[in-house]
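The values are calculated or read from the model by the stated rules, or taken from the named source; none is laboratory data. Everything quoted here is computed from the prediction, not taken from an experiment. Note: ideal-geometry Cβ built from the backbone for every residue, glycine included; neighbour counts use all protein chains shown.
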Amino acid sequence: MSRHMLWRYERMASAMGYQVVAGVDEVGMGPLAGPVVGGAVVLPIGVRIPGLDDSKLLTAEQRERLDRAIRRRAMAVSVCAVDHAQVDSLGLLRARHLATAGAVAGLKIPAEYLLVDAWDVPDAMIAQMAVVRGDRICASIMAASIVAKVARDRAMVEYDKLYPGYGFAGHKGYATPAHRAAIRRLGPSPIHRTSWAPFREQARPAG
C-alpha cells in the first residue's frame, strides 16, 4: 500500500475540519491471562515512520523500534491497561471499551476525532470513524496498535518474573500448547481470566 493511501482517513478527517486526529486500537482480547491494553496516537499527517505496519505482522524487535520512532514523532501517545480482574468481572467487550476510552482520555493533546480499528469507542464522546482492518490500512491506527502491543508485551514479561513456570514472557498469555500444559500442571495464576469460558475450556484436563 502506498504511503499516501495509509493517510487517507486522517486526510478525510482533516478535510472535515478536525485538526487533532487520533488512531485508536487495543490488544489482548484473545489471551487467557493478563490485561487488555488500549493505545491512542496522534501523528502529524503524512509523517514518515519507516516500517510502520500492522503490529501482528512485525517482530518484537521491529515493534520496539517502531514504538520508539512513534513516540519521537507523535504529537501525543497514550496507553491504558484494563487488568485481568476487570476483564473477569466486566467482560471482554466492556474491558475493551474502558481500555480504548482510557487511552483517548490520557492523550496530552485532546483528540477532536478518532479513527478506530473496526469498532467505536462508546465511552469517548468524540466524533469517530470505525475503520475495518484499520490496523492494516490506516497509519494512526497502526501506530496505536504498536504502542499498545509493546506496552502489553512488556507487562507480560514482568508478570513472567512474578509468576514463573507459565511462560508468559514467551506466549504473552495466548493459548499455546505450552501455556495450556502449564495451566493444567500448575493451576491458574493470579493473572489468569478464570471466569472466562475460553480459560475454563483450556484448563480442562486433556483427554
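Does I137 count as closer than 30 Å to E10 by Cα, touching a Lys or Arg at 6+ places or on another chain (Cβ under 7 Å) and aliphatic (A, V, I, L, M)?
no
Hey, among Q128, Q86, Q62, which residue is surrounded by 14 or more Cβ atoms within 10 Å (Cβ to Cβ), farther than 30 Å from A182 by Cα and among the polar types (S, T, N, Q)?
On the way: Q86 fails: farther than 30 Å from A182 by Cα; Q62 fails: farther than 30 Å from A182 by Cα.
Answer to the selection: Q128.
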Can you tell me which residue in region 156-191 is surrounded by the most Cβ atoms within 10 Å (Cβ to Cβ), limited to those that are without any contact (Cβ under 8 Å) to a residue 40 or more places away in the chain and among the basic types (K, R)? R180
When the residues of region 16-41 are narrowed to those that are closer than 25 Å to P177 by Cβ and either under 9 Å from the mean Cα position of the chain (by Cα) or without any contact (Cβ under 8 Å) to a residue 60 or more places away in the chain (or both), which ends up surrounded by the fewest Cβ atoms within 10 Å (Cβ to Cβ)? M29
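Please count how many residues of region 112-125 are within 18 Å of the chain's Cα centre (by Cα) and either surrounded by 21 or more Cβ atoms within 10 Å (Cβ to Cβ) or within 19 Å of A74 (Cβ to Cβ) (or both). Before you say what the answer is, go through the steps one by one.
Restricting attention to region 112-125, the residues satisfying the condition of being within 18 Å of the chain's Cα centre (by Cα) are 114-124.
If we keep only those that are either surrounded by 21 or more Cβ atoms within 10 Å (Cβ to Cβ) or within 19 Å of A74 (Cβ to Cβ) (or both) too, we end up with 114-117, 121, 124.
Residues flagged as within 18 Å of the chain's Cα centre (by Cα) and either surrounded by 21 or more Cβ atoms within 10 Å (Cβ to Cβ) or within 19 Å of A74 (Cβ to Cβ) (or both) within region 112-125 amount to 6.
Do we have V132 as modelled with pLDDT of 95 or more and either under 26 Å from T59 (Cα atoms) or over 15 Å from the mean Cα position of the chain (by Cα) (or both) here?
Numbers: modelled with pLDDT of 95 or more: no; either under 26 Å from T59 (Cα atoms) or over 15 Å from the mean Cα position of the chain (by Cα) (or both): yes.
Criteria not met by V132.
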Looking for whichever is among the acidic types (D, E) and under 19 Å from the mean Cα position of the chain (by Cα) here; the options are D160, D153. Which one fits? D153
Just to check your reading of the model, which residue among R65, R8, R48 is charged (D, E, K, R) and under 18 Å from the mean Cα position of the chain (by Cα)? R65
